[in-house]
Amino acid sequence: MKLLEERIARDGVVKEGNVLKVDSFLNHQMDTDLFNALGKEWARLFADCPINKILTIEASGIGIACIAAQHFGVPVVFAKKSQSINLDGDVYSAKIESFTHKKIYNVIVSQKFIGPDDHILIIDDFLANGCAVLGLIEILKEAGATLEGVGIAVEKGFQKGGQELRDMGIRVESLAIVDGMDASTGKITFRPQPSHT
């Protein structure tokens, strides 16, 4: 998606260790007009799927998922990274390692909100090694729900996550795929996007 690539090239900051900071518009300060454009594009790409819920993970995915959900007319469920007193009843859980935070989280979703009748689209801001998405897929399997696909804002194409998911037969629609980053020059290169009709 040209709009997203241009924004990353203009406002993204490349740091050592394959870190791409997009906190000025994507995952700290949020550009809701941009999110709206992302949601519209995912709705177009997944128009052939009977999606009735969007699943994401706290915290960065929530804003994007909520605005995208308006284009689908469906609710958003987000996996929580910690148990809280207001999360009652049975839960599905999975262990997820965060690339950014270098931590392992036990994420949970209440069984009240996902079940065998659900057709789920997973949405997240970043895809690097794929740990978050794989954890959410584990939760969907446990719930007996159907995974319709994965919508990612920014995929790091030089890391294994996207390819592993595609090799598993999972439909992944990443709106910008970063193929390379140079921390010394700040240069970011993008993979050419397939043209979707």
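Could you tell me whether residue 8 is surrounded by fewer than 13 Cβ atoms within 10 Å (Cβ to Cβ), modelled with pLDDT under 95, more than 22 Å from residue 141 (Cβ to Cβ) and among the β-branched types (Val, Ile, Thr)? It would help to see each step written out before you state the result.
Numbers: surrounded by fewer than 13 Cβ atoms within 10 Å (Cβ to Cβ): no; modelled with pLDDT under 95: yes; more than 22 Å from residue 141 (Cβ to Cβ): yes; among the β-branched types (Val, Ile, Thr): yes.
Against the criterion (surrounded by fewer than 13 Cβ atoms within 10 Å (Cβ to Cβ), modelled with pLDDT under 95, more than 22 Å from residue 141 (Cβ to Cβ) and among the β-branched types (Val, Ile, Thr)), residue 8 does not qualify.
Consider residue 112 carefully, then state whether it is surrounded by fewer than 22 Cβ atoms within 10 Å (Cβ to Cβ), assigned to a helix (DSSP H, G or I) and either in contact with a Lys or Arg (Cβ under 8 Å, 6 or more places away or on another chain) or modelled with pLDDT of 90 or more (or both). Spell out how you get there, then give the answer.
Values: surrounded by fewer than 22 Cβ atoms within 10 Å (Cβ to Cβ): yes; assigned to a helix (DSSP H, G or I): no; either in contact with a Lys or Arg (Cβ under 8 Å, 6 or more places away or on another chain) or modelled with pLDDT of 90 or more (or both): yes.
So residue 112 does not fit the description; no.
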Task: Contacts under 9 angstrom Cβ, first residue in region 16-34 being surrounded by 13 or more Cβ atoms within 10 Å (Cβ to Cβ), partner part of a loop (DSSP other than H, G, I, E, B) and basic (Lys, Arg), 6 or more apart - done: none
Task: Those residues of region 1-23 which are part of a loop (DSSP other than H, G, I, E, B), more than 16 Å from residue 175 (Cα to Cα) and touching a strand residue (DSSP E or B) at 6+ places or on another chain (Cβ under 8 Å), in sequence order - done: 18
Task: Scope region 35-71; condition among the charged types (D, E, K, R) and modelled with pLDDT under 95; matching residues - done: 58
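Of the residues 107, 150, which is modelled with pLDDT under 95, buried (at least 19 other Cβ atoms within 10 Å of the Cβ) and part of a strand (DSSP E or B)? Step through it out loud before you land on a result.
Numbers: 150 fails: modelled with pLDDT under 95.
Answer to the check: 107.
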Open item on the list: residue 51 - would you say it is more than 21 Å from residue 138 (Cα to Cα), buried (at least 18 other Cβ atoms within 10 Å of the Cβ) and either among the small types (Gly, Ala, Ser) or touching a Phe, Trp or Tyr at 6+ places or on another chain (Cβ under 6 Å) (or both)?
Closed with: no
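More than 18 Å from residue 171 (Cα to Cα) and in contact with a Ser or Thr (Cβ under 9 Å, 6 or more places away or on another chain) - does that describe any residue in region 33-41?
Of the residues in region 33-41, the ones more than 18 Å from residue 171 (Cα to Cα) are 33-37.
Then keep just the ones that are in contact with a Ser or Thr (Cβ under 9 Å, 6 or more places away or on another chain); that gives none.
No: region 33-41 contains no residue that is more than 18 Å from residue 171 (Cα to Cα) and in contact with a Ser or Thr (Cβ under 9 Å, 6 or more places away or on another chain).
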Task: Complete set of residues in region 141-197 that are of a type in the set (Lys, Arg) and either farther than 24 Å from residue 120 by Cα or within 17 Å of the chain's Cα centre (by Cα) (or both) - done: 156, 160, 166, 171, 187, 191
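Take residue 51 and tell me if it is among the aliphatic types (A, V, I, L, M) and not in a loop (DSSP other than H, G, I, E, B). So that I can check it myself, show each step before the final result.
Details: among the aliphatic types (A, V, I, L, M): yes; not in a loop (DSSP other than H, G, I, E, B): no.
Considered against the rule, which asks whether it is among the aliphatic types (A, V, I, L, M) and not in a loop (DSSP other than H, G, I, E, B), residue 51 comes out as no.
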Task: Scan of region 158-172 for residues that are buried (at least 20 other Cβ atoms within 10 Å of the Cβ) and either part of a strand (DSSP E or B) or among the small types (Gly, Ala, Ser) (or both), ordered by number - done: 161, 162, 172
Open item on the list: Scan region 72-87 and tell me whether some residue there is modelled with pLDDT of 90 or more, closer than 20 Å to residue 177 by Cβ and charged (D, E, K, R).
Closed with: no
Open item on the list: Checking residue 136 against (1) under 21 Å from residue 39 (Cβ atoms); (2) in a strand (DSSP E or B), only one condition comes out false. Which one?
Closed with: (2)
TODO: Just give me the residues in region 118-133 being touching a residue at least 40 places away in the same chain (Cβ under 8 Å) and surrounded by fewer than 20 Cβ atoms within 10 Å (Cβ to Cβ), in sequence order.
DONE: 119
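The values are calculated or read from the model by the stated rules, or taken from the named source; none is laboratory data. Note that the structure is a prediction, hence the values are computed from the model and not measured. Reconstructed Cβ throughout: ideal geometry from the backbone, glycine too, with neighbour counts over all protein chains shown.
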